[in-house]
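Read the figures in this text as sums done on the coordinates, not as results from a lab. Note that the structure is a prediction, hence the values are computed from the model and not measured. Virtual Cβ from ideal backbone geometry, glycine too; neighbours counted across all protein chains shown.
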Amino acid sequence: MTHRAFHRQQGLSLWPLLIVLIVLAALAAAGWWGWQQWRVLEQDRRASQGEISDLRSELNRESQRRDRALQEIRESQDRIEAARARDREALADVRQGGQRLWLINEAESLAALAGQRLMLTGDAEAARRLLQAADQTLARLDDPQALPARKALAVDIEKLNGARQVDVQAMVLRLGALQALIPELAVPERQAPPAEDTEQDAGWWQRLLNHLPVTVRRHEGEVPLPLTETQASTVRLTLDASLQLAQLALMQRRVQAYRQALDNAAAMLNQWFQEDQGRVRQMRAALEELGGQQVEQALPEIGAGLDAVRGLKRDLLKSGGDGTAGEAGR
């Protein structure tokens, strides 16, 4: 009897040791799982930061190219204004021949500005108005010699009338409005688990599970990946950068880059935001609508009118030079 009691007491004394071993094993498993999840999230965060850095660099480069293009336009406009100022000064020193030269120079400046506007901004409507102004300027000459130049300008105007127009400004403004909605999008964020009330009659196994740093939850459907506040801000920043890149590509008529930026924004919505949010559905529908619009604008080649005006100017300068020499001889 004494021998059996000793074995029974020895068996009972092993239970606390087994419980401690089970708890330690559970803690080790939970720690290892948490470490793996942290490494995955850290890799995602670093990848997102790299993509954001690349997007910012691309935006900076595109902004610098745009600034250079605008600077070239300003310099060209300054040269045109300087030439017009010189023409105005020459108008005060000459008689009828100088007035005709001034009008031809005015028409030449307008036709050249129309070609630059079409090439740099793709605004066919503005280019058409400039060519019409050049034609009206030549009409003030009331000279049959200006008819070939006016005919060439009419051909260029008709080409621009046939070009399909796209309201780029409205699309850029709409993308900006979508950017303003980004702070209202809710990203799944990591929250502290709710405290559970312990029942008085709970068993020892339930009490042990309640003290473990592991929470078991049941969800119906797909569970969004929980993010920290910093990671959620990174997601919103990446979405905002995609919309900014779409705006820049649209203004520069880079259709492929524009559609790629819209696809990136749509992918961000599908990956990080839930379908049941009204703002998410609204933004997704807007992106689909913007992506379905035809932004390829048929920009015609113009320049025949400008060449004809310059030819008229050369003829006038040649005949005017001879007339001036003859008057000086008299």
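Data overview
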{"quantity": "Cβ-based net charge around residue 267, under 15 Å, with every Lys or Arg adding one and every Asp or Glu removing one", "calculated": "-3"}
{"quantity": "Protection proxy ranking, peptides 15-28, 128-141, 253-266, average beta carbon neighbours within 10 Å, highest first", "calculated": "128-141, 253-266, 15-28"}
{"quantity": "Protection proxy ranking, peptides 284-291, 147-154, average beta carbon neighbours within 10 Å, highest first", "calculated": "147-154, 284-291"}
